[in-house]
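Heads up, the thing below is written out as structure tokens.
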Amino acid sequence: MNALDIKHTRAHQGLARVYHLKNQRKSAYDEMTKLIEKARNNASAYEKRSEYCDRDMAKSDLSMASQLDPLRTYPYRYRAAVLMDDHKEKEAIAELTKAIAFKPDLQLLHLRAAFYESMNDYISTVRDCEAALCLDPSHADTVELYNKAKERISE
């Protein structure tokens, strides 16, 4: 008897990862679909499956993940990144702001600071960097972004 025979969720995730590494995205997606069918209402499974499909399907999976567990931050980060790619900066910032409202963590604050910096909003960049540095004063990427934004404000 193996892990797949007993329907162990980690086995499906692992097999999906192997397919993905072999560049077999459809097989990876199908394997995660099997997991979703067995482990209903599993936000993590939808989140993970989103990594193995095209953008539109990923959006749908991440929307479902947010419905099942609104406090997961990955769907917000992903949606924000897609919005930035589509040059919808304000919407991307709003998406991150939703997540920061319930979980003000380093990654979210740093990402929003980087988005502000790309929009030349250096005051907001500094604000988010300062908040992130309260959580981890030695985070090198945030320190670098903070110093860069402070220089821009001084110009």
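Taken together, ARG112, ARG127, ARG72 contain a single residue that is in a helix (DSSP H, G or I), touching an Asp or Glu at 6+ places or on another chain (Cβ under 8 Å) and of a type in the set (Lys, Arg), which is ARG112. Screening the candidates LEU135, LEU109 for the property of being modelled with pLDDT of 95 or more, over 15 Å from the mean Cα position of the chain (by Cα) and either under 23 Å from ASP30 (Cα atoms) or outside the structural domain of GLY14 (by TED's automatic domain parsing) (or both) yields one hit, LEU135.
Against the conditions (1) within 30 Å of ARG49 (Cα to Cα); (2) modelled with pLDDT under 95; (3) not acidic (Asp, Glu), THR97 satisfies every one except (2).
Only residues that are hydrophobic (A, V, I, L, M, F, W, C) and within 18 Å of VAL18 (Cβ to Cβ): list them for segment 37-80, please. ALA45, CYS53 - these are the residues of segment 37-80 that are hydrophobic (A, V, I, L, M, F, W, C) and within 18 Å of VAL18 (Cβ to Cβ).
Residue by residue through segment 128-146, note down the ones that are over 24 Å from ASP85 (Cβ atoms) and surrounded by fewer than 17 Cβ atoms within 10 Å (Cβ to Cβ). Within segment 128-146, GLU130, CYS134, LEU135, ASP136, PRO137, SER138, ALA140, VAL143 qualify. Any residue at all in segment 79-101 that is surrounded by 15 or more Cβ atoms within 10 Å (Cβ to Cβ) and either touching a Cys at 6+ places or on another chain (Cβ under 7 Å) or among the polar types (S, T, N, Q) (or both)? Checked segment 79-101: no residue is surrounded by 15 or more Cβ atoms within 10 Å (Cβ to Cβ) and either touching a Cys at 6+ places or on another chain (Cβ under 7 Å) or among the polar types (S, T, N, Q) (or both).
The values are calculated or read from the model by the stated rules, or taken from the named source; none is laboratory data. None of the values given here were measured: they were computed from a predicted structure. Quick reminder, even Gly has a Cβ in these numbers, built from the backbone with ideal geometry, and neighbours come from all protein chains shown.
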